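All remarks here apply to the structure that follows.
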Amino acid sequence: MHFKTFFTCLFIVLLKCACYGQQAAPGYALIKPENWHTETFLLPPQFANSLPFKGTEDIRFSPDWAKKGSEGYWTYVFLWIITGKATFTKTQLEKYMCDYYTGLLKANFKEAKIDTAIAAPVKVKLRNIKTAEKDTQTFEGKAAMTDYMTQDPLILNFRIHVKKAKSGSDATAVYFEASPQSYDHKVWVQLDALDKSL
């Protein structure tokens with residue numbers, strides 16, 4: 001009788017410990033809208049290893065992301081989960097984005113066996129805007145670059161959210177919304193909805 005009670009108690013304790021150990025650390029995670037494509041890789045990425053932080057990048061591509069002339073062309077979001085707490089000045093974030101897209105374009109031009117010399121220098125200009133509810137910092141701005149898919153000039157509009165840390169997590173989340181469409185276009189409704197789901 002005593003052994004049965006002992007082993008029952010031991011089983012309950014071990015079960016609680018196992019369940020506790022399997023709980024994921026609190027953090028941010030991007031949902032996947034229907035028909036959107038995903039990609040995940042480590043930070044800093046190989047094409048931009050000058051970025052001075054480590055973590056992961058999670059991407060959601062619009063179903064029409066690669067369809068030239070469509071409303072969803074080059075429309076996508078990505079989430080940086082950076083190890084440790086981080087804040088950004090506007091100038092720092094402009095440099096990180098410039099390095100990121102310069103490396104990304106060069107890598108894609110090389111993969112397509114196109115001379116990288118035809119790519120115009122990436123130029124990023126951001127501004128601080130009213131801080132959104134779940135953010136510590138919020139930015140809007142533009143990145144001017146060469147579209148590696150068409151080799152035409154491309155201007156991407158951005159909205160960037162540096163998120164408040166989740167309780168129990170020391171990671172920093174930075175959510176990027178990107179599209180060539182103006183901010184009053186309907187694609188931003190879905191991009192903002194993904195932000196609200198975080």
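The values are calculated or read from the model by the stated rules, or taken from the named source; none is laboratory data. Just so we're clear, the structure is a prediction, and the values are computed from it rather than from any experiment. Please note: Cβ atoms are built from the backbone with ideal geometry, for glycine as well, and neighbour counts cover all protein chains shown. When the accessible area is computed, the model is the full protein with side chains, heavy atoms only, and any ligands, DNA or RNA have been set aside. Shrake-Rupley method; radii C 1.70, N 1.55, O 1.52, S 1.80 Å.
Details
- Residues of the stretch 116-152 that are surrounded by 17 or more Cβ atoms within 10 Å (Cβ to Cβ) and within 23 Å of LYS68 (Cα to Cα): ALA119, VAL122, VAL124, GLY141, ALA143, MET145, THR146, ASP147, TYR148.
- Failed item, numbered, when LYS16 is tested on (1) modelled with pLDDT of 95 or more; (2) out of contact with any strand residue (DSSP E or B) (no Cβ under 7 Å at 6 or more places or on another chain); (3) open to solvent by 60 Å² or more (accessible area, probe 1.4 Å): (1)
- Qualifying residue in the stretch 152-170 (condition: in contact with a helix residue (DSSP H, G or I) (Cβ under 8 Å, 6 or more places away or on another chain), without any contact (Cβ under 8 Å) to a residue 40 or more places away in the chain and polar (S, T, N, Q)): no
- Only one of the listed residues (ALA119, ALA143) is at pLDDT below 95 and of a type outside the set (S, T, N, Q). That residue is ALA119.
- With respect to being open to solvent by 10 Å² or more (accessible area, probe 1.4 Å), within 25 Å of LYS196 (Cβ to Cβ) and without any contact (Cβ under 8 Å) to a residue 12 or more places away in the chain, ASP58 falls outside the description.
- Candidate set from the stretch 158-178 (those that are of a type in the set (Ser, Thr, Tyr) and out of contact with any Gly (no Cβ under 8 Å at 6 or more places or on another chain)); member that is least open to solvent (accessible area, probe 1.4 Å): TYR175
- When residues of the stretch 19-37 are limited to those that are surrounded by 11 or more Cβ atoms within 10 Å (Cβ to Cβ) and either under 15 Å from the mean Cα position of the chain (by Cα) or at pLDDT 85 or above (or both), the one nearest to LYS166 (Cα to Cα): GLY27
- Of everything in the stretch 70-83 that is out of contact with any strand residue (DSSP E or B) (no Cβ under 7 Å at 6 or more places or on another chain) and crowded, with 16+ Cβ neighbours inside 10 Å, the residue that is nearest to ILE31 (Cα to Cα) is GLY72.
- You will find that of ASN108, ASN157, the residue that is under 19 Å from SER50 (Cα atoms) and of a type outside the set (Lys, Arg) is ASN108 and no other.
- Matching residues in the stretch 84-115 - criterion: being touching a helix residue (DSSP H, G or I) at 6+ places or on another chain (Cβ under 9 Å), over 17 Å from PRO45 (Cα atoms) and open to solvent by 40 Å² or more (accessible area, probe 1.4 Å): ILE114, ASP115
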